[in-house]
Each structure stands twice: as structure tokens, then as C-alpha cells.
Amino acid sequence: MPLRPDASTLDAYTRDAGRHSHEWLDQPPPDDMYALWETHLLPAGKTADIGCGNGRDVAWLAAHGYHVTGFDASQGLLDEARQLYPELAFRTATLPSLAEIDEQFDNVVCETVLMHLPVDAIPDAIDNLVRILRPNGMLYLSWRVTEGADVRQPDGRLYSAFPPALITDALTDCLILFADDATSASSGKRVCRIIAAKRSEG
């Protein structure tokens, strides 16, 4: 059976898209993440934001010269993004398969999304994030850390618990340039972040 996203998580984000959007906009901007992007992403590159939510980070990327498209599996969040940023491009795409995407990008970012997948789907998600990245392109991954066992929030959202090695072991076609485990300046939550470059073919 093909690996699929967590249905309860998708339902929660679609049902409460407006509330989540307001919460993200009310948070301090993630300047620590943006500093990493400015340092490592390929300038002015064709960029995919996978799990873009309400489009806040897509707007930052566009304002800083990246040719960016936001992708999300939640139609409710895509509606929020299109309302907030009607001049920007947003499309549907669903982890782990990303079957809706058949092109490649210079930069792929996936900010605090992977922990919403079932653990057994995460390696497949990494494979597909790397698939849509061109050789020598840059990949940014982050996830909120859950210790011990998986947690299901009252609203239905899944927060999977897994070691960083689950991610790094799947990045066989990439060179890891940066990795940390720190408190997010925006959400105040513990977050792991990785930046990797896809190796050249051949």
C-alpha cells in the first residue's frame, strides 16, 4: 500500500486554517531561519516551499529575489495563502509522494512539516524532496522535536517522534552542510534543522 499523509492532521489544518494562519502571522518572524536561507540557498534560484501553509515564508522568499512556488496538501491553508498573497504562486502537493510535482528546483525548503507524517513515511518523503531538487541544489529541512512516543494533539494533528538519524540516513545523495537542534526564535519550540546540497550526477 502506498504511504500516505496523516489524514487527521490534514483535516485539522483544513478545518482550522484561518486560526493557524493568524497564529503564524502573530509569531515573531523566524529571522534565524531566514538568516540560514540567505547564507545557503542559491540566490535568485527556482525554489519550492513544500508545506508552505499560509504562504508567509513564500512571501519572504519572493521579496528576497527567489523564484518561488508554495506547495501544500491542505486546501484550507492554500486558500489562506492565496488570499494573503494573491500575486504569488501556490499549488497542491502532498508528502510523502509529491506526485503532483514533476519538475526540479534549485532550492527546496520544507519547514516543520516532516513531523506530521507517520514515521514509516518519512524516508520516502526525503527521497521525494531530493528527487525534485536538481544536482547541486540546496535542501532545507526542519522538524519540531517530539521526545519519546508520538503525540496526537486534541485537534487531531500528529507529532511523530523520531531520531535525527532517520533524516540523515535518508540523505544518501546529499552532502550535509549544516545541522542543529535549537529553540526556534519564532515558535519557541525545539526544532532540528538540516541544510544539504544534492550531489552532482555522475
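In table form, for the structure just shown:
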{"item": "Per-region count, the range 1-41, residues polar (S, T, N, Q), closer than 17 Å to residue 52 by Cβ and either free of Cβ contacts under 8 Å to residues at least 24 places away in the same chain or not in a loop (DSSP other than H, G, I, E, B) (or both)", "result": "3"}
{"item": "Selection count, the range 105-149, where residues are assigned to a strand (DSSP E or B) and under 24 Å from residue 46 (Cα atoms)", "result": "17"}
{"item": "Breaking point among (1) under 22 Å from residue 13 (Cα atoms); (2) surrounded by fewer than 15 Cβ atoms within 10 Å (Cβ to Cβ), for residue 111", "result": "(2)"}
{"item": "Residue satisfying condition, being aromatic (Phe, Trp, Tyr) and either touching a residue at least 40 places away in the same chain (Cβ under 8 Å) or within 25 Å of residue 145 (Cβ to Cβ) (or both), within set 105, 90", "result": "105"}
{"item": "In the range 42-69, the residues that are in contact with a strand residue (DSSP E or B) (Cβ under 7 Å, 6 or more places away or on another chain), within 20 Å of residue 193 (Cα to Cα), part of a helix (DSSP H, G or I) and not acidic (Asp, Glu)", "result": "58, 61"}
{"item": "Pair list, Cβ under 8 Å, 6 or more apart: the range 118-143 residue closer than 22 Å to residue 38 by Cβ, other residue surrounded by 19 or more Cβ atoms within 10 Å (Cβ to Cβ) and among the hydroxyl-bearing types (Ser, Thr, Tyr)", "result": "142/112; 143/112"}
{"item": "Hits in the range 150-194 - residues which are of a type in the set (A, V, I, L, M) and in a strand (DSSP E or B)", "result": "151, 158, 175, 176, 177, 179, 182, 191, 194"}
{"item": "Subset tally (residues that are crowded, with 19+ Cβ neighbours inside 10 Å and of a type outside the set (D, E, K, R)) for the range 129-158", "result": "12"}
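No value in this document is a laboratory result; all are computed from the given coordinates. Everything quoted here is computed from the prediction, not taken from an experiment. Using ideal geometry, Cβ is built from the backbone for each residue, glycine included, and neighbour counts are taken over all protein chains shown.
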